[in-house]
Amino acid sequence: MAHSTPAPAETEALGKSPTASSPARRRPSRVHRQRLRAAWLFLIPMLLVLAAVAGWPLLRTIWFSFTDASFASISEYDWVGFENYLVYDDGLWFGVLADPAWWQSVWNTLFFTVVSVGLETVFGLIIALTLNAQFRGRGLIRAATLIPWAVPTIVSAKMWGWMLHDQFGIINDMLMTLGIIAEPLNWTANADLSMWAVIMVDVWKTTPFMALLTLAALQMLPSDCYEAAKVDGIHPVRVFFKVTLPLILPALMVAIIFRVLDALRVFDVIYVLTSNSEDTMSMSVYARQQLVQFQDVGYGSAASTVLFLIIALATITYLYLGRKQIGGEA
Amino acid sequence: MNRKLAKKLISKIAFLMLLAIILIFTVFPFYYAILTSFESGSELFTVEYWFSSFDLANYQSVLSQESFVKSIWNSVFVSFSTVVIAMAFGLTAAYALGRVQFRGRGTVLMIVLSVSMFPQVAVLSGLFEVIRAMNLYNDPLALIFSYTIFTLPFTVWILTTFMRQLPKELEEAAIVDGASPLTTLFRVFIPLMWPAMATTGLLAFIAAWNEFLFALTFTLTNSERTVPVAIALITGGSQHELPWGNLMAASVIVTVPLVILVLIFQRRIVSGLTAGAVKG
């Protein structure tokens with residue numbers, strides 16, 4: 001019907017005077033319709049790509065989780081129902097949900113997430129508050145904070161793997177020189193220490209992200225309430241907890257949630273620093289090990305699906321809580 | 001009076017110490033990697049805090065490995081292509097989402113946002129099947145295809161944020177002149193979007209350059225790998241015989257370009273990161 005190629009719109013726009021009431025009323029609607037159609041034409045390629053790389057593969061993963069597909073012959077499989085998740089057979093429970101190694105990986109991931117995001121938030125806040133002050137060389141320090149962010153995760157894991165080396169590592173050397181430890185520690189292999197080694201690397205790598213987001217929030221704060229507090233002679237620590245923190249809290253929460261969702265799917269740093277050790281294995285490492293190393297696509301997909309559900313739950317909770325903000329903006 | 005001065009001095013010293021700690025915390029690991037990369041032989045096994053030698057042997061050894069050099073080219077190719085694809089789809093989508101009011105816009109934004117939350121491992125087996133079906137297994141093209149899952153959502157998101165900030169008058173003028181939406185996008189918005197495109201492009205480039213899980217899973221042979229996988233798979237005889245000198249030299253080679261890029265464009269990157277997160 002309305003095949004409004006640019007040409008008719010052009011003649012219309014140029015030909016009719018904008019003061020004439022009826023064409024002026026018709027013109028926007030026509031232009032608007034054209035723009036609507038263009039909008040969808042522009043969106044469809046993007047949505048198709050997302051469907052191809054995200055939507056469809058996710059559905060297939062969920063599908064595979066109910067089959068016995070293997071990595072080598074992914075096209076030949078049988079339907080097995082919930083066997084990969086949980087099955088009662090001969091007096092014993094089998095499946096992902098009955099595997100202690102899976103639950104260990106869930107615990108590891110949660111522990112990693114809470115501790116590393118917590119530390120990153122505190123350190124990020126300290127760095128941001130420092131960078132928010134006026135001093136010479138501020139640009140230099142700010143540039144330096146970006147370095148860990150720019151280093152690829154694999155490289156930072158290897159760098160720290162070397163620094164944490166049990167025999168020749170500089171960290172052990174420092175701690176021994178300072179007299180904190182008496183003999184070298186085997187950071188990446190010791191069951192009690194390896195998770196802390198992973199957390200150390202992650203904190204180093206992602207604190208800059210937190211610091212920069214916090215700094216951006218700090219720089220948007222109005223200065224008048226600080227002046228008022230200064231005039232009233234209120235202690236800076238009190239000002240921080242009573243004024244600064246509540247004001248930057250919304251921005252800080254967004255950064256924290258981003259980091260939490262990221263930490264829940266952690267893979268690289270753990271895989272490279274401690275390989276497939278059960279002491280540090282995250283949910284992603286567990287799922288990939290089943291999928292690729294053990295070639296069990298069905299079982300690995302079941303683990304992946306559970307991980308997806310956990311993250312989806314976290315995301316939905318977040319979106320639900322933050323809905324007002326986004327809705328208001330859109 | 002004296003006490004006040006002393007107090008001021010102490011707080012100044014404390015602040016400087018804080019700065020020093022921050023500086024050491026952020027820079028030292030990379031500094032130490034560079035230092036190690038210039039050491040060879042038995043030097044590696046004594047802990048040094050300062051540069052004592054400038055031995056290029058590690059660099060020569062790494063760069064003489066054909067597969068490592070090939071993996072650098074693979075990474076460059078994959079990262080650039082990923083950026084181009086993300087830009088092409090991202091810009092058009094951002095125009096629609098940022099400039100046109102239509103029903104379903106909030107839903108589309110939600111879809112984009114939720115895809116960015118996908119754990120990569122959750123699509124691994126499905127994506128593997130798709131890649132096998134397209135006959136792209138063990139081909140860097142498979143990586144370009146799969147990387148859009150994380151580059152496209154944030155490209156769309158950040159570009160939409162920037163697109164929305166541009167004044168309405170520009171577009172109205174174009175509409176009055178009868179320009180089609182595509183012309184408006186190319187003639188009016190893209191010229192103004194260069195800074196935003198540089199930011200998002202850089203973020204997409206870094207994300208693609210650093211990606212590990214897909215690269216590890218969808219490629220098999222040394223000649224098809226990207227640098228993160230190549231570095232992760234550098235091995236010696238055993239855990240204790242890892243060639244640390246070579247490893248650090250390779251790490252420095254792939255990181256220095258990124259660090260330089262990030263330092264040059266630091267303001268843009270910070271604005272991109274905050275636009276991506278604050279609006280999220």
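Quick notes on this structure:
- Chain A: C-alpha pair distances exceeding 27 Å, %: 64
- Long-range HN-HN contacts of residue A:68 with modeled amide H, under 5 Å: A:78, A:80
- Listed residues B:245, B:126, B:98, most fluctuating in chain B (Gaussian network, C-alpha, under 10 Å): B:126
- Average other protein chain Cβ within 10 Å of Cβ, residues B:43-50: 3
- Rg [Å, one decimal], Dmax [Å, integer] - the range B:135-280, C-alpha atoms: 20.3, 71
- Most mobile listed residue (A:201, A:292, A:31) in chain A, GNM with C-alpha springs under 10 Å: A:31
- The phi-based Karplus calculation (6.51 cos²θ - 1.76 cosθ + 1.60; θ = phi - 60°) puts the 3J(HN,Hα) values of the range B:83-97 at 4, 4, 5, 4, 5, 4, 6, x, 5, 5, 5, 5, 4, 4, 7 Hz, whole numbers, x for Gly and Pro.
- The alpha carbon centroids of the range A:259-286 and the range B:167-198 are separated by 44 Å.
- Ranked list, fewest to most other Cβ atoms within 10 Å of each Cβ, for A:77, A:88: A:88, A:77
- Exposure here means at most 15 other Cβ atoms within 10 Å; with trypsin sites (Lys or Arg not before Pro) in a DSSP loop as sites, the longest stretch of chain A lacking them is A:137-330.
- Chymotrypsin sites (Phe, Trp or Tyr not before Pro) restricted to the range A:117-173 and DSSP loop, no more than 14 other C-beta within 10 Å: A:135
- Across the range B:2-45, Cα-Cα pairs farther apart than 13 Å form 67% of the total.
- Computed FRET value (nearest 0.05) for residue A:220 with residue B:260, which takes r as the C-beta separation and R₀ as 30 Å: 0.55
- Footprinting exposure proxy ranking of A:78, B:177, fewest other C-beta atoms within 10 angstrom first, gives A:78, B:177.
- Separation of the alpha carbons by more than 23 angstrom is noted, of A:230/B:7; A:158/B:70; A:242/B:7; A:158/A:205; A:205/B:12; A:230/B:4, for A:242/B:7; A:205/B:12.
- Peptide A:160-171 - average C-beta neighbours from other chains (10 Å radius): 4
- Estimated distance in nm for a label pair at residue B:31 and residue A:240, the labels positioned 7 Å out from Cα along Cα-to-Cβ: 2.5
- When only alpha carbons are used to place a centre, the range B:130-156 and the range A:176-205 end up 37 Å from one another.
- Partner chain coverage, peptide A:73-80 - average Cβ within 10 angstrom: 1
Just so you know, all these numbers are worked out from the coordinates, no wet-lab data involved. These numbers were taken from a predicted model, which means no experiment stands behind them. Backbone-built Cβ (ideal geometry, glycine too); neighbour counts: all protein chains shown.
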